[in-house]
1. When ligands, DNA and RNA are left out and all protein chains stay put, how many square angstrom of accessible area per residue does the chain have with a 1.4 Å probe?
2. Using a ≥ b ≥ c from the Cα gyration tensor of region 1-75 (square roots of the eigenvalues), is it rounded, prolate or oblate, where a/c under 1.5 gives rounded and otherwise the larger of a/b and b/c decides, a/b for prolate?
3. Provide the packing ranking of 111-124, 145-158, i.e. peptides ordered by the mean count of other C-beta atoms within 10 Å per residue, highest first.
4. Would you work out what percent of the accessible area of the chain, with all protein chains in place, is carbon or sulfur (probe 1.4 Å)?
5. Using just the alpha carbons, could you tell me how many Å³ per residue the convex hull of the chain encloses?
6. Of all trypsin sites (Lys or Arg not before Pro) in region 1-102, which ones are in loop regions per DSSP and have a Cβ with at most 14 other Cβ atoms within 10 Å?
7. Among 161-174, 62-75, 27-40, 126-139, how do they line up by average Cβ neighbours within 10 Å per residue, starting with the highest?
8. When N counts the residues of region 84-181, how does its alpha-carbon radius of gyration compare numerically with 2.2 N^0.38 Å, as a ratio?
Amino acid sequence: GGGTRHVGDNSPVFQLAFDLGREIARSGGVVLCGGGGGVMRAAALGARSADGHSIGVLPQNGPTDAEYAVETGMGDGRNYVNAYVSDALIALFGEAGTLSEIALAMKLGRPVVYLGHWSFLNDAGLPRMPVAASPADAVGLSFAALGLLPGGRVDAPVSLPTIHDQTANLARLAAWVDALS
């Protein structure tokens, strides 16, 4: 998880995300992110630097540095897909989208590890999540939360959400809001 359009390529946050992507790839994991700029770009480039793989789950068609791209057409609703498909979530510097992915991962029972940011949520009444000191530590904690050693594989099929066409439901919602306001 993570991403912000305001993280420059030479910033410490970009380097942290790059190192995280590289560590995920070295450990046999796949970077799954929002596919945009900032930390998402950095993590994808980091994975590539270690001959690893990355998947960008994009809100719509657009440029990405991820190796593979899925264009959902869901806008920020793609955060649900990111949280649902991920085996574990490593949250580093980000914005509201990252926060929504953290919350969704918690609701879905996915392990979450905080890296260099978001640890204040542990003091906010939410379930306590481990705080990593480095990208390698974050990857190790993520694999451990899954009962695996780095390099291990999750022995289960990829879990995909069922997303039904909501056109009729949203039309009813709009009509009710119009009628009641």
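1. 54 Å²
2. oblate
3. Highest to lowest by the protection proxy: 111-124, 145-158.
4. Carbon-and-sulfur percentage of accessible area, whole number: 57.
5. Taking the convex hull of the Cα positions in the chain, it is 135 Å³ per residue.
6. Here the sparse-neighbourhood loop sites are ARG5.
7. Values: 161-174: 9.2, 62-75: 15.6, 27-40: 24.4, 126-139: 17.1.
Ranking the peptides 161-174, 62-75, 27-40, 126-139 by packing returns 27-40, 126-139, 62-75, 161-174.
8. Working: Rg = 17.8 Å, N = 98, 2.2 N^0.38 = 12.6 Å.
In units of the globular-protein estimate, region 84-181 measures up at 1.41.
The values are calculated or read from the model by the stated rules, or taken from the named source; none is laboratory data. All values derive from a computational prediction rather than experimental measurement. Every residue, glycine as well, gets a Cβ built from its backbone with ideal geometry; the counts of neighbours run over all protein chains shown. Just so you know, the surface numbers come from the protein's heavy atoms only, side chains and all, with ligands and any DNA or RNA stripped out. Shrake-Rupley method; radii C 1.70, N 1.55, O 1.52, S 1.80 Å.
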